[in-house]
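Single-structure report; data block below.
The values are calculated or read from the model by the stated rules, or taken from the named source; none is laboratory data. Just so it is clear, the structure is predicted and the values come from calculations on it, not from any experiment. Heads up, the Cβs are rebuilt from the backbone with ideal geometry, glycines too, and the neighbour counts pull from every protein chain shown. Heads up: the accessible areas ignore ligands, DNA and RNA and are worked out on the full protein's heavy atoms, side chains in. Shrake-Rupley method; radii C 1.70, N 1.55, O 1.52, S 1.80 Å.
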Amino acid sequence: MPDHPAASPLPPVAAEAVIIGAGPVGLFQIFELGLLGIHAHIIDSLAQVGGQCAELYPDKPIYDIPALPICGAQELIDRLLEQAKPFHATFHLGQEVTAVQALPDGKFRVATSAGTELHAGAVVIAAGVGSFQPRRLAVPAIEELEGKSVHYRVRSAADFHGKDLVICGGGDSALDWTVALCDKARSLTLVHRRAEFRAAPATVARMRELVAAGRMQFIEGNVIAHHRDNERLVAVEVLATDGGARRVPAEQVLAFFGLHPKLGPIADWGLELERKALKVDTEKFQTSVPGIFAIGDINTYPGKKKLILSGFHEAALAAFAIQHHLFPAKRQFLQYTTTSPIMQKRLGVATADEH
Ligand SMILES: Cc1cc2nc3c(=O)[nH]c(=O)nc-3n(C[C@H](O)[C@H](O)[C@H](O)COP(=O)(O)OP(=O)(O)OC[C@H]3O[C@@H](n4cnc5c(N)ncnc54)[C@H](O)[C@@H]3O)c2cc1C
């Protein structure tokens with residue numbers, strides 16, 4: 001008999017609306033729902049908010065956000081967060097939504113990879129091009145070592161100190177970590193399939209200096225196999241582009257091949273799809289299941305353009321549709337933030353004598 005009873009699962013969290021995806025469009029959905037007095041929970045598989053803007057091009061300027069002639073992609077995300085702040089959304093980051101199921105009472109069960117379960121009155125899918133997954137090493141059985149000695153992101157740099165380290169990739173992440181960890185690791189080998197790199201030229205030059213000084217090595221090629229001593233990684237086999245195979249000591253491997261979006265579980269939720277996008281109407285941005293809405297890059301309708309601006313418009317209209325779905329008896333009317341005391345109160349900008 002176990003010495004303590006099995007932990008009972010946490011009760012599901014009751015939510016008015018759940019937003020799946022914290023990219024720019026999901027973040028703006030918090031705001032639009034908040035203006036109508038609806039609280040949101042927002043979930044993202046990534047550890048940080050911002051979707052493509054934060055993950056793929058944080059430093060790039062965007063020129064087509066209305067009234068912001070130029071805005072950095074990360075800056076846009078920071079501004080959206082600031083704008084949504086008064087509505088106190090609940091963030092669930094670093095967890096993928098794995099299931100969305102209709103419940104008999106008309107609500108939806110939303111379950112995540114971290115074991116979070118919510119029961120929501122409405123669901124908004126703002127999942128962009130899908131959840132970002134790291135491109136993995138094409139090495140047989142290497143997945144068994146993931147999180148132990150094979151990593152696709154650095155959680156704690158100290159894990160690599162004093163270790164035989166192999167870093168794979170030719171972009172900024174691979175080169176930045178190569179330079180940062182070179183003096184900390186016991187040995188460091190950078191493996192990249194080409195002699196050219198996509199990283200900042202200054203970092204590439206620094207890496208070449210470190211190689212010339214004998215402090216690390218660079219091999220042009222691919223990791224094709226690994227060697228273990230019981231469960232412990234001890235070396236990798238690198239096939240160099242000159243055709244030679246080399247065994248390189250490796251206790252830890254860091255691979256930075258970029259991220260690719262995966263539609264993933266969304267395809268299994270029984271929603272009508274067209275070319276990997278969710279079909280919606282253009283009045284409510286509702287999917288084929290009433291109560292489940294889809295906005296931003298994930299949806300499709302005649303004339304759809306995958307622009308942040310389009311996603312913002314979709315979020316505004318979806319918010320009204322969600323309000324009607326949750327409170328069908330409530331009369332709806334358009335209010336301006338400029339003049340509406342109730343909206344200003346929700347925004348926390350109302351002056352004391354107004355209420
Ligand atoms: C290099 C580049 C430049 C661009 N420049 C511009 C520009 O100048 N102007 C413009 O308008 N647009 C631009 N875009 C397009 C713009 O970035 C997208 O239209 C926008 O990011 C879409 O926002 P979104 O919120 O719909 O989706 P995304 O930004 O893709 O965010 C979706 C989020 O959902 C999460 N997610 C997906 N599935 C799940 C799941 N099952 N569980 C939990 N989380 C999930 C993802 O992790 C992601 O964080 C550019 C795109 C790129 C790649």
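Positive end of the dipole of the chain (Cβ unit charges, origin at the Cα centre): among Phe160, Thr90, Leu56, the Cα lying farthest that way belongs to Leu56. With contacts taken as Cα pairs under 8 Å and at least 6 residues apart, the chain reaches a relative contact order of 18 percent.
Note on the chain: GNM, Cα springs under 10 Å; of Ala126, Ala319, Ala47, the largest mean-square fluctuation is that of Ala47. For the stretch 1-129, what % of the accessible area comes from carbon and sulfur atoms, probe 1.4 Å? Reported share for carbon and sulfur atoms: 59 percent.
Between the helical axis of 73-84 and the longest alpha-carbon principal axis of the chain there is an angle of about 40 degrees.
Taking a ≥ b ≥ c as the square roots of the eigenvalues of the alpha-carbon gyration tensor, the stretch 283-323 is classed oblate because a/c is 1.5 or more while a/b is no larger than b/c.
Hey, can you find the accessible area per residue of the chain for me, probe 1.4 Å, expressed in square angstrom? Please list the in-between numbers first.
Details: 18210 Å² over 355 residues.
Ligands and nucleic acids excluded, the figure is 51 Å² per residue.
Would you work out if the stretch 280-350 is rounded, prolate or oblate? Take a ≥ b ≥ c from the square roots of the eigenvalues of the alpha-carbon gyration tensor; rounded if a/c is under 1.5, else prolate when a/b is larger than b/c, oblate otherwise.
Details: a/c = 2.85, a/b = 1.54, b/c = 1.84.
Since a/c reaches 1.5 but b/c is at least a/b, the shape of the stretch 280-350 is classed as oblate.
Relative to the longest principal axis of the Cα atoms of the chain, the long axis of helix 201-212 makes an angle of roughly 30 degrees. Peptides 236-242, 13-19, 56-62, 29-35 ordered by packing proxy, namely the average of other Cβ atoms within 10 Å per residue, highest first: 29-35, 13-19, 236-242, 56-62. Between Gln83 and Leu263, the contour length at 0.36 nm per residue exceeds the alpha carbon distance by 62.0 nm.
Once both labels are positioned 7 Å from their Cα atoms along Cα-to-Cβ, the gap between Arg109 and Arg193 label points is 4.2 nm. Excluding Glu209 itself, calculate the net charge of residues whose Cβ lies under 13 Å from the Cβ of Glu209, where each Lys or Arg counts +1 and each Asp or Glu counts -1. Combined, the nearby Lys, Arg, Asp and Glu give +2. Say a paramagnetic label sat at a point 7 Å from the Cα of Ala157, along Cα to Cβ; which residues of the stretch 178-202 have their backbone N under 13 Å from it? Under 13 Å, as judged by backbone N against the label point of Ala157, lie 178-185 of the stretch 178-202.
Once the other residues with Cβ under 11 Å from the Cβ of Thr241 are scored (Lys, Arg +1; Asp, Glu -1), what is the net sum? Could the numbers behind the result be given before it?
Values: positive: Arg193, Arg194; negative: Glu220, Asp242.
Here the charged neighbours net out to 0.
Rounded if a/c is under 1.5, else prolate if a/b is larger than b/c, else oblate: which is the stretch 202-252, with a ≥ b ≥ c the root eigenvalues of its Cα gyration tensor? The shape class here is oblate.
Ranking Ala200, Thr282, Gly258 by how far each Cα lies toward the positive end of the dipole of the stretch 200-303 (charges on Cβ) leaves Ala200 at the top. The C-alpha atoms of the chain define a longest principal axis, and helix 172-181 lies at about 50 degrees to it.
Tell me, in nm to one decimal, what length is gained between Gln133 and Leu10 on full extension, where the rule is 0.36 nm per residue of separation less the Cα-Cα distance? All intermediate terms of the calculation are to be shown ahead of the outcome.
Working: separation 123, 0.36 × 123 = 44.28 nm, distance 2.76 nm.
Stretched fully, the Gln133-Leu10 segment lengthens by 41.5 nm.
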